[in-house]
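Worksheet for the structure shown next.
None of the figures in this text is laboratory data; all of them are computed from the coordinates on show. All values reported here derive from a predicted model rather than from experimental measurement. A quick note on method: Cβ atoms are made from the backbone with ideal geometry, for glycine too, and the neighbour counts reach across all protein chains shown.
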Amino acid sequence: MSAQADRVMDLSEWENRWQEGRTGFHRSDVHNLLKANVDKLICGRREVRFFFPLCGKAVDMKWLADMGHTVVGVEFSEKGIKEFFQEQNLEYNEEAVADIPGAKLFKSTDGKISIYQCDLYKFSSAVAGHFGGIWDRGALVAINPCDRQKYASLLVSLMSSDCRYLLDTLEYNPELYKGPPFFVSEDDIKTVFGGSCNIDLLQSVDGFEEKHRSWGLDSLTEKLYLLTTKTQ
Ligand code: SAH
């Protein structure tokens, strides 16, 4: 990660991506590794409360909500959030958030999906409680490398004691591409989550796609980890 340690993307750069439609990270189908490992995420539980950090307009939120779970996401871009509700044909209400000045809450009228429009680091368990599941795709790999400990401490503070946290990461040669998404190794995960969580590698797949050639890469591995609290 040293080659990328100093790289910083500010929120306005993310917003510009949304405004200009440069959202190549978005997938129109449910993520293959989420589908393949959803039983390990849900673990037989009903009506799980899921947290989606840096949710974008991930269709995975609707997929889990359709199974009877509830979803809370955090996303900075209002445009991204509105596109989510429009593209999923979901009616929603918009309200202010008492605990976070300037933030907005976009909530589907059936109450199953809530997305907070704010900087993730302003969010906390005081705003929306604790979660039984977390789907982290394009989130730990998207935040600035210098913020990883802050990010991990926040995520751990949102986990209920039975929380199952699926973390999707990418490994590639960080000398060749500056990110985001950033390279995150198992050691990087252990450094920031290891004190609080058990970390199990569930799956490792060849994640190389044609678009990665334009990033200057010729290989990329996608890894999925399960994090559970050590108190479990
Ligand atoms: N998880 C989504 C989006 C990944 S891209 C998916 O899989 O499609 C990362 C997203 O995080 C972008 O939509 C960007 O606008 C948002 N983002 C980046 N930094 C953020 C921050 N500090 N707080 C809230 N959202 C942020």
Subject >> Residue within segment 191-214 that is crowded, with 17+ Cβ neighbours inside 10 Å and in contact (Cβ under 8 Å) with a residue 60 or more places away in the chain present >> reply: no
Original post:
Does segment 28-43 hold any residues that are out of contact with any helix residue (DSSP H, G or I) (no Cβ under 6 Å at 6 or more places or on another chain) and surrounded by fewer than 17 Cβ atoms within 10 Å (Cβ to Cβ), and which are they?
Top reply: 28, 29, 32, 35, 36, 39, 40, 43
Original post:
Looking at (1) in contact (Cβ under 8 Å) with a residue 60 or more places away in the chain; (2) within 15 Å of the chain's Cα centre (by Cα); (3) within 18 Å of residue 134 (Cβ to Cβ); (4) part of a helix (DSSP H, G or I), which is the one condition that is false for residue 80?
Top reply: (3)
Original post:
Which condition number in (1) within 15 Å of the chain's Cα centre (by Cα); (2) buried (at least 16 other Cβ atoms within 10 Å of the Cβ); (3) of a type in the set (Phe, Trp, Tyr) is the one that residue 121 fails?
Top reply: (2)
**OP:** Kindly list the number of the only condition in (1) of a type in the set (Gly, Ala, Ser); (2) closer than 20 Å to residue 7 by Cβ; (3) in contact with a strand residue (DSSP E or B) (Cβ under 8 Å, 6 or more places away or on another chain) that fails for residue 207.
**Re:** (2)
Original post:
Looking at segment 5-56, which of its residues are assigned to a helix (DSSP H, G or I), small (Gly, Ala, Ser) and within 11 Å of the ligand (Cβ to nearest atom)?
Top reply: 12
